[in-house]
Amino acid sequence: MYFVTLIIVTIFCVLPLVYFWGRGKARQLRDTQKVLDGTRLDLIRQLREAEHFRMVAEHANDGIVIQDMDGSVVWPNPAYCRIMKRKAEDIIGRNPLEFALPNEDKPPPEAIEKFRYQRGSNNSTGLHLFRNVRGDGTMFWNQINVSIRQSADGNEHAILVCRDVTEQIEHEEKLHEARNKLEIAATHDSLTGLANRGALLRFTEDMLSLTAHRSGNVGLLHMDLDKFKEINDTHGHSAGDATLKHVADALRENVRSSDMVARVGGDEFVVVCPGVNALEDLEELGQSLANAISVPFEWRERTLVCRASIGAALSENDGLDSEELLLRADFALYEAKREGRDQVASYDEVLHQRHTLELRRGTELREAVLEHKLIHYFQPTLNLETGAIEGFETLVRWQHPEDGLIPPIHFLPMAEELGLMAELDFLSMDAALSMKALMDRSQMPGLKFAFNASGELLAHPEFIDRLMRGVLGRGIDPSQVVIEVLETTVIGDVQDENAPARVIAELRDAGFRVMLDDFGVGYAGLAHLAQLAVTGVKIDQSLVRNMMHDETSAKIVATIIELCENLELELIAEGVESHDMAGRLHELGCPILQGYWVSRPMPTEQVSNWLETGMPEDVSVQEVAG
Ligand code: C2E
Ligand code: CA
Ligand code: CA
């Protein structure tokens, strides 16, 4: 019974107990296993992370350093050692302030001793740039990114990420340098290093607006070297360059530090002088600069001297802009040259009056040219051999409303300066062609009509076209149209595509006559005659005049006449004022004459009448020719 009871108790009590205990144990074991598994995974993860950190720290290109808060290195990564060119053991425990800075940047030992990173202070956060020195003594730029972190033990550390940025800095410096150079090239003259025109105008403008609010004036000295071309022509361009440098030095050394010296053209310089009180002071400065310039200087064992003409102008608070002030100085400079060079001329009241008048004249002249208000006179040429009038030369005049009839010498230079010459010559060309057409239609066909062509007209792209249209439209024979070109205009490279010489050849090929004007006193010389495609020459008035009392002039005239005969060139002697002159020229063999003896230039309306009534009594061709 006991046994049975035991079995029953065992079955119903103990076995379930054992069963449940076993199950609990198994669950416990499973839980433990789970925990163990979790920890293992965690450890693996942590190990992996640690491996990643190690990889980053050891293989990063950037240097990484962990420092105590007093700056001593706890751990440097290999890149830091590489950048520093030092071993880890030479770095650990030391403050980089001791070993990474060049001597001149290094703080005193007490300061290094006292150094502490302070959370929140400037030294413990953000980017810093230092010039550092490596173990081998070479320098580099170290860009350091600092942050402060608390480690597991609760202590704070500074973490530095360092990067060698020398290349970028040098690249930036080079860029900066290149930008500076470009800036200098844009504002300076490369030969002398002086400011250029643009920089000068900007500076003058700034100084003018400054003085508008203060007392004092801005002075300008505009200078032009006398006979610079001669130095260039005699000694060559390098002597010219040496001269310009000498002048630049003389000016730089003798102006005040507040002045600006600029080179504004080939041999033109300008000094801007802010804060000048009176015109006399400026003139005095100008004189001292002229003296400095004229000090002889050495060039290749030769002694050279150059002098300058100077124009001085003062702003005098009258609201001028830089261009206007420069114009005034320029006008004064022109006066200095007119007065015989090598001197200073000031833009005073007298010059101001003259300048104002000239400016007004300029405006009026432009209007007269553009509105076709110029008039034309005609001067005949006489053929001694036939006793007939050869033709007429067209000569421009300006009928001014107040000043009356103005001769060309008084306005052609201005027209040239204003760039009006081509337009002006087109008017003379039209006047000549119209007159020629009129004569052809009336009683006098076959007369030649001449007009003067400036270099600007010859260079005008439409010149030949307009001339061709002018003759074709009027039914004129080109061989009765004469284009007179000054000897000085055709000087230059005969081979040059665009040179006047080419245009002259084109004119001759188209059947026009081309006469070389004022021949015998210019530069071209006899040799030029053979090269140029001219059809004839006009002997200059001065030679003709001098021929009467000077044997050399007479010989030159005789030679020109002979040469023209040999080269089969037409010949006209200009400025024939008397019967005797005409007789002498006839003796020498000159066939055609022009001058007051035949007739003064006459207005359009007199031409027909003059031709009809014939020549005045004293022009006795028979007597001269006979
Ligand atoms: P040029 O071409 O040599 O013209 C001759 C000049 O001498 C004219 O002066 C004429 O009036 C003057 N003349 C003529 N015979 C005598 C004389 O017997 N004695 C003296 N003393 N003078 C005489 P003008 O008309 O004053 O012209 C001066 C210069 O102006 C011309 O010299 C020419 O170079 C230039 N010129 C005139 N009209 C024009 C033009 O339409 N276009 C261009 N480009 N130049 C012109
Ligand atoms: Ca002429
Ligand atoms: Ca002439």
Original post:
What ranking do 216-228, 120-132 get when scored by the average of other Cβ atoms within 10 Å per residue, highest first?
Top reply: 216-228, 120-132
**OP:** Give the peptides 349-362, 594-607 in descending order of average Cβ contacts within 10 Å, highest first.
**Re:** 594-607, 349-362
Original post:
Where in the range 558-601 does the amide nitrogen come within less than 20 Å of the point 7 Å from the Cα of residue 399, taken along Cα to Cβ?
Top reply: 600-601
**OP:** For helix 551-566, report the angle its Cα long axis makes with the longest principal axis of the Cα atoms of the chain; keep it between 0 and 90° and round to the nearest 10°.
**Re:** 80 degrees
Original post:
Ignoring ligands and nucleic acids, what accessible area does residue 161 show with a 1.4 Å probe (Å², nearest 10)?
Top reply: 50 Å²
**OP:** Take 82, 197 and sort them by solvent-accessible surface of the protein heavy atoms, 1.4 Å probe, largest at the top.
**Re:** 82, 197
Original post:
residue 448: which lysines have alpha carbons under 28 Å from its alpha carbon, excluding same-chain residues fewer than 8 sequence positions away?
Top reply: 373, 436, 538
Subject >> Area of residue 405 that stays accessible when all protein chains are in place (1.4 Å probe, Å², to 10) >> reply: 70 Å²
Original post:
How large is the charge dipole for the chain, taken about the Cα centre, if only the Cβ atoms of Lys, Arg (+1) and Asp, Glu (-1) carry charge, to the nearest 20 debye?
Top reply: 5700 debye
Original post:
With N residues in the chain, what two-decimal value do you get for its Cα radius of gyration over 2.2 N^0.38 Å?
Top reply: 1.90
Original post:
Mind checking the angle between helix 237-254 and the chain's longest principal axis? C-alpha axes, 0 to 90 degrees, to the nearest 10.
Top reply: 70 degrees
Original post:
So what's Rg/Rh here for the range 72-121, counting alpha carbon atoms and using the Kirkwood radius for Rh?
Top reply: 0.99
**OP:** Sticking with the crude label model, points 7 Å out along Cα→Cβ, report the distance from residue 173 to residue 60 in nm, one decimal please.
**Re:** 2.7 nm
Subject >> Global form of the range 314-389, assessed from the alpha-carbon gyration tensor, a/c cut-off 1.5 >> reply: oblate
**OP:** Please report, as a whole percent, how much of the solvent-accessible surface of the chain comes from carbon and sulfur atoms (probe radius 1.4 Å).
**Re:** 53 percent
**OP:** Go through 375, 464, 409 and list them by solvent-accessible area, largest first, probe radius 1.4 Å.
**Re:** 409, 375, 464
**OP:** Answer rounded, prolate or oblate for the range 393-487, using the Cα gyration tensor with square roots of eigenvalues a ≥ b ≥ c: rounded when a/c is under 1.5, else prolate when a/b is larger than b/c, else oblate.
**Re:** oblate
**OP:** Mind checking which of 472, 95, 308 is farthest towards the positive end of the chain's charge dipole, using Cβ charges of +1 (Lys, Arg) and -1 (Asp, Glu) about the Cα centre?
**Re:** 95
**OP:** Pick out, from 483, 185, 75, the residue whose Cα sits farthest towards the positive end of the charge dipole of the chain, with +1 on the Cβ of Lys and Arg and -1 on the Cβ of Asp and Glu.
**Re:** 75
**OP:** Please sort 110-118, 454-462, 49-57 by packing, taking for each peptide the average over its residues of neighbouring beta carbons within 10 angstrom, highest first.
**Re:** 454-462, 110-118, 49-57
Original post:
Straight-line reach from residue 229: which lysines have Cα under 28 Å away, leaving out those fewer than 8 places along the same chain?
Top reply: 245, 337
Subject >> 20 Å Cα-Cα reach of residue 181 towards aspartates and glutamates, excluding residues that sit fewer than 8 places from it in its own chain >> reply: 170, 172, 173, 189
Subject >> Value at 222 nm in deg cm²/dmol, rounded to 500, when DSSP H runs of n ≥ 4 in the chain each add -39,500 (n - 2.57) >> reply: -15000 deg cm²/dmol
**OP:** Report the semi-axes of the equivalent ellipsoid for the range 330-469 in whole Å, largest first, where each axis is √(5λ) for an eigenvalue λ of the Cα gyration tensor.
**Re:** 36, 17, 15
Original post:
Just the accessible area per residue of the range 342-386, please: how many Å² with a 1.4 Å probe?
Top reply: 55 Å²
Subject >> Degrees, to the nearest 10: 197-213 long Cα axis against longest axis of the chain >> reply: 80 degrees
**OP:** Specify which residue in the list 583, 534, 559 is farthest towards the positive end of the charge dipole of the range 519-587, using unit charges on the beta carbon of Lys, Arg (+1) and Asp, Glu (-1), about the Cα centre.
**Re:** 534
Subject >> Accessible surface, 1.4 Å probe, highest first, among residues 215, 608 >> reply: 215, 608
Original post:
Given a Förster distance of 60 angstrom, what is the FRET efficiency for residue 151 paired with residue 212, based on the Cβ-Cβ distance and rounded to 0.05?
Top reply: 0.35
Original post:
Going by the alpha-carbon gyration tensor, a ≥ b ≥ c the square roots of its eigenvalues, is the range 345-392 rounded (a/c under 1.5) or, if a/c is not under 1.5, prolate (a/b greater than b/c) versus oblate?
Top reply: oblate
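The values are calculated or read from the model by the stated rules, or taken from the named source; none is laboratory data. Note that the structure is predicted; figures quoted are calculated from it, not measured. Every residue, glycine among them, receives a Cβ derived from its backbone with ideal geometry; neighbour counts consider all protein chains shown. Remember, those area values only see protein heavy atoms, side chains included, never the ligands or the DNA or RNA. Shrake-Rupley method; radii C 1.70, N 1.55, O 1.52, S 1.80 Å.
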